[in-house]
Amino acid sequence: MAAMKSEKERQEKRQAELQIWFQDILPALGESNAHAILKPLTGDASFRRYFISTPDEQPYVLVDAPPEKEDNRTFVQVARSFLAAGLNVPRIFDVDYEKGFLCLSYLGDTLLWEKLDALRQQDNLAEVSAVYHQAFESLLKIQGIREGSEILLPPFDGTLLLAEMNLFREWFCEGIMGLRLSSEDNELLERFFELLIESALSQPQVCVHRDYHSRNLMVQGDEGLGIIDFQDAVFGPYTYDLVSLIKDCYIIWPKAMIRQWATDYARMAKTAGIVDSIKSDEFIHDFDLMGLQRHLKAVGIFSRLYLRDGKNGYLGDIPRTLAYIKEVMGDYPVLEEVAMWFDKKIYPTLVTKLNAAINRRSAS
């Protein structure tokens, strides 16, 4: 309880400092020195906090990104590079790296997820496809950014890929599920992880947003889709962002539609010169295995957000994300052994363990 009170006091202090900072930069923004009121916006799965303020009816997004927790210089670098590539990303009006404060343009409050969910309920799949093809166009612009020219980013290498999958082992298997993994369990998972790493590293390497999905894309009307939360960009496998988008942890579509969208993207990527040639069966294989890596990471992050940070809003996304994993494993005989492990260790008690985790948090 004391820790929660201390964190609340820290956040209130940071918000007050951010408001003073914004008040000070208003004249440079061409705004009158009107009193700037900050209203919280829905945050993300990081340590950043977002606020909106509308002095003189002009909306601005203010970001509290503690410099000891967030790499704000990389965020600014990526934002400017994406903007130069013709992408619709927030413009940076001002930044204080020492304090960890940023002032950005406002891309609205309508998530692509909201539009897609409404279209799903209307059974308007033709419009859904049109929206995804619009997102493909922006994705191809991201992938067209070349390493060492417009932007310098870290590689999405084997070390990072493995670190992401180990989140699944630590925070989900041991944390949420309460498994005591034996040496045989760990050896099986390590062989599985290595297979996924080899597949990822064998793919063409491009600029990767790394969280390109329906809750990081904003509906912008005639201006196309707005793109946010790109500060973790890397150079890595060209199917990673595609998997994030059409095998979204927050909304699910029929398998046949996902395959068709993936094939459409592959054709567009070849036309755009992202890759020289694409063989359909090899592409789907790479896409599916990349999805396994991505979804293992997501399940681990959702679990960590709950166990470490007390954010329970992502627990409900775990069964949907695991369903992607189960589906892909059923398509590849090479994954039969690890699929049997999931069938034995994970799926039978998943709902019980998730409910128990929620009850433990409620009782504490």
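Computed from the coordinates by the stated procedures, all read-outs in this text should not be read as laboratory data. Values in this document were obtained by computation on a predicted structure and should not be read as measured data. With ideal geometry, Cβ positions are generated from the backbone for all residues, glycine too; neighbour counts draw on all protein chains shown.
Our coupling estimate for the range 180-190, obtained by passing each phi through the Karplus curve with A = 6.51, B = -1.76, C = 1.60 and θ = phi - 60°, is 9, 6, 7, 4, 5, 4, 5, 5, 5, 5, 5 Hz, Gly and Pro reported as x. Show the residues, 5+ positions off or on another chain, whose built amide H is closer than 5 Å to the amide H of Val206. Sorted by chain and number, the residues that satisfy this are Gly236, Tyr238. Between the range 296-348 and the range 247-265, the C-alpha centres lie 18 angstrom from each other.
Applying the Karplus relation 6.51 cos²θ - 1.76 cosθ + 1.60 with θ = phi - 60° to the range 233-239 yields 3J(HN,Hα) values of 4, 9, 9, x, x, 6, 8 Hz, where x marks Gly and Pro.
In the chain, the DSSP beta bridges split such that about 90 percent are antiparallel, to the nearest 5. Shown in residue order for the range 20-28 are the 3J(HN,Hα) couplings computed by the Karplus curve 6.51 cos²θ - 1.76 cosθ + 1.60 at θ = phi - 60°: 5, 4, 5, 4, 6, 8, 3, x, 5 Hz (x for Gly and Pro). Report summary: the helix-based calculation at 222 nm, which adds -39500 (n - 2.57) for every DSSP H run with n ≥ 4 and divides by the residues of the chain, gives -16500 deg cm²/dmol. Selection among Phe75, Ile92, Gln23 by position relative to the dipole of the range 2-105 gives Phe75 as farthest towards the positive end (Cβ unit charges, Cα centre).
Charged neighbours of Leu119, selected by a Cβ distance under 14 Å, balance to -3 (K, R count +1; D, E count -1). Dipole check for the chain: with +1 at the C-beta of Lys and Arg, -1 at the C-beta of Asp and Glu, and the Cα centre as origin, the magnitude is about 860 Debye. Each Lys or Arg adds one and each Asp or Glu takes one away; over the other residues whose Cβ falls under 15 Å from the Cβ of Gln205, this sums to -4. In terms of packing, defined here as the mean over residues of other Cβ atoms within 10 angstrom, the peptides 94-104, 173-183 line up highest first as 94-104, 173-183. Which of rounded, prolate or oblate describes the range 2-105 when judged by the alpha-carbon gyration tensor and an a/c cut-off of 1.5? Oblate shape, in that a/c is at least 1.5 and b/c is the bigger or equal ratio. Evaluated with a Cβ-only charge set (Lys, Arg +1; Asp, Glu -1), the range 287-329 carries a dipole of roughly 160 debye about its Cα centre, given to the nearest 20.
Which of rounded, prolate or oblate describes the range 245-329 when judged by the alpha-carbon gyration tensor and an a/c cut-off of 1.5?
prolate
Local charge for Arg14 was computed over the other residues whose Cβ lies under 14 Å away, with Lys and Arg +1 and Asp and Glu -1, and equals -2. Given the alternatives (i) 67, 44, 41; (ii) 66, 55, 44; (iii) 58, 46, 43, Cα extents along the principal axes in Å as computed for this entry is given by (ii).
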